[in-house]
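Trainee: Here it is, the structure, as structure tokens.
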Amino acid sequence: MMRSTLGDLHLAVIMDGNGRWATTRGLPRVAGHRAGADALRCLIQAAPEHGIGIVTVYAFSSDNWRRPPDEVGALMRLLRTYLARETERCVEEGVRISLIGRRDRLPGFLLPQIEKSEHSTRYCSRLHLRLAIDYSSRDAILDAARSGDLTRESLSKKLGPDVDLLIRTGGEQRLSDFLLWECAYAEFSFSRRMWPDFGAEDLAAAMRDFDSRERRFGSVPIAAVG
Ligand code: FPP
């Protein structure tokens with residue numbers, strides 16, 4: 001079914017395993033990131049048919065600045081290339097792009113492309129793709145807490161929508177400073193697949209599993225409500 005408006009679900013993805021995918025094939029790590037960018041395009045195409053309206057992906061954490069400068073540079077250039085190449089397609093397919101994370105430390109060649117992509121896609125309403133770049137959830141929570149009244153509602157409003165399902169590929173089972181507040185009641189799906197190998201079938205399987213779970217949000221099973 002082709003949806004023209006946002007689905008209800010917020011999917012968050014930690015796209016882990018690009019480096020291992022590449023090195024097991026005798027390729028440089030950046031080849032894994034390139035293949036990872038292709039896997040992201042597949043995910044975006046498949047997401048709306050599962051009722052997903054928002055996809056937030058961890059593209060570069062604030063701790064990733066610790067990686068070797070060559071890899072950081074290659075990732076930043078890849079992000080620019082991806083956005084330059086994909087923005088027109090996103091407009092056609094109704095995908096709004098926005099950035100979460102710090103903007104002030106990004107290279108001068110990347111920020112204008114991000115702003116251009118955000119501007120060009122601002123009215124797109126089929127899917128909202130949020131790219132977490134130079135992102136730390138702890139820092140985002142601190143910024144939100146510093147900037148006004150401290151209530152659950154105001155923090156949630158500043159940080160963004162709660163996550164329904166978080167997928168992490170690559171075999172690790174941790175959050176790594178990603179959407180800590182927003183994942184308070186998220187369901188988790190950990191996959192041993194390396195991110196470049198994660199395809200539409202894997203998303204469909206994760207969604208079937210998600211649909212089979214009973215989300216109680218601290219309450220009791222529906223059957224027990226008398
Ligand atoms: C983690 O794998 C992945 C990243 C730090 C970068 C994610 C980036 C992409 C998927 C490509 C570009 C993104 C966009 C939005 C176009 P890793 O390098 O830590 O893998 P490893 O654990 O196997 O070393």
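No lab work stands behind these numbers, since they all come straight from the coordinates. Source: prediction; values computed, not measured. Cβ coordinates were reconstructed from backbone atoms using ideal geometry, including for glycine residues, and neighbour counts include every protein chain displayed.
Trainee: Could you list all residues from region 104-138 that are β-branched (Val, Ile, Thr) and under 15 Å from Arg85 (Cα atoms)?
Mentor: Ile114, Thr121
Trainee: Right, something else. What number of residues within region 203-217 are out of contact with any His (no Cβ under 8 Å at 6 or more places or on another chain) and in contact (Cβ under 8 Å) with a residue 12 or more places away in the chain?
Mentor: Residues that pass the stated criteria total 6.
Trainee: Would you confirm whether any residue within region 144-161 is surrounded by 13 or more Cβ atoms within 10 Å (Cβ to Cβ), within 20 Å of Ala59 (Cα to Cα) and in contact with a helix residue (DSSP H, G or I) (Cβ under 6 Å, 6 or more places away or on another chain)?
Mentor: Yes, region 144-161 contains at least one residue that is surrounded by 13 or more Cβ atoms within 10 Å (Cβ to Cβ), within 20 Å of Ala59 (Cα to Cα) and in contact with a helix residue (DSSP H, G or I) (Cβ under 6 Å, 6 or more places away or on another chain).
Trainee: What is the one condition in (1) more than 10 Å from the ligand (Cβ to nearest atom); (2) touching a strand residue (DSSP E or B) at 6+ places or on another chain (Cβ under 7 Å) that Ala59 does not satisfy?
Mentor: (1)
Trainee: Sticking with this one: What number of residues within region 45-74 satisfy the criterion of being of a type in the set (A, V, I, L, M, F, W, C) and farther than 15 Å from Gly32 by Cβ?
Mentor: Adding up the residues that qualify gives 7.
Trainee: Is it true that some residue in region 63-78 is surrounded by 19 or more Cβ atoms within 10 Å (Cβ to Cβ), of a type in the set (S, T, N, Q) and within 11 Å of the ligand (Cβ to nearest atom)?
Mentor: Looking through region 63-78, none of the residues is surrounded by 19 or more Cβ atoms within 10 Å (Cβ to Cβ), of a type in the set (S, T, N, Q) and within 11 Å of the ligand (Cβ to nearest atom).
Trainee: I've got another one for you. Taking Gly17, is it among the small types (Gly, Ala, Ser) and surrounded by fewer than 16 Cβ atoms within 10 Å (Cβ to Cβ)?
Mentor: Judged against the criteria, Gly17 is not a match.
Trainee: Read through the list (1) touching a strand residue (DSSP E or B) at 6+ places or on another chain (Cβ under 7 Å); (2) away from the ligand (no atom under 16 Å from the Cβ), then give the number of the only condition that Ile133 fails.
Mentor: It fails just one condition, (2).
Trainee: Report, by residue number, each residue of region 169-199 that is within 12 Å of the ligand (Cβ to nearest atom), farther than 15 Å from Ser61 by Cβ and among the hydrophobic types (A, V, I, L, M, F, W, C).
Mentor: Within region 169-199, Met194, Phe198 meet the criteria.
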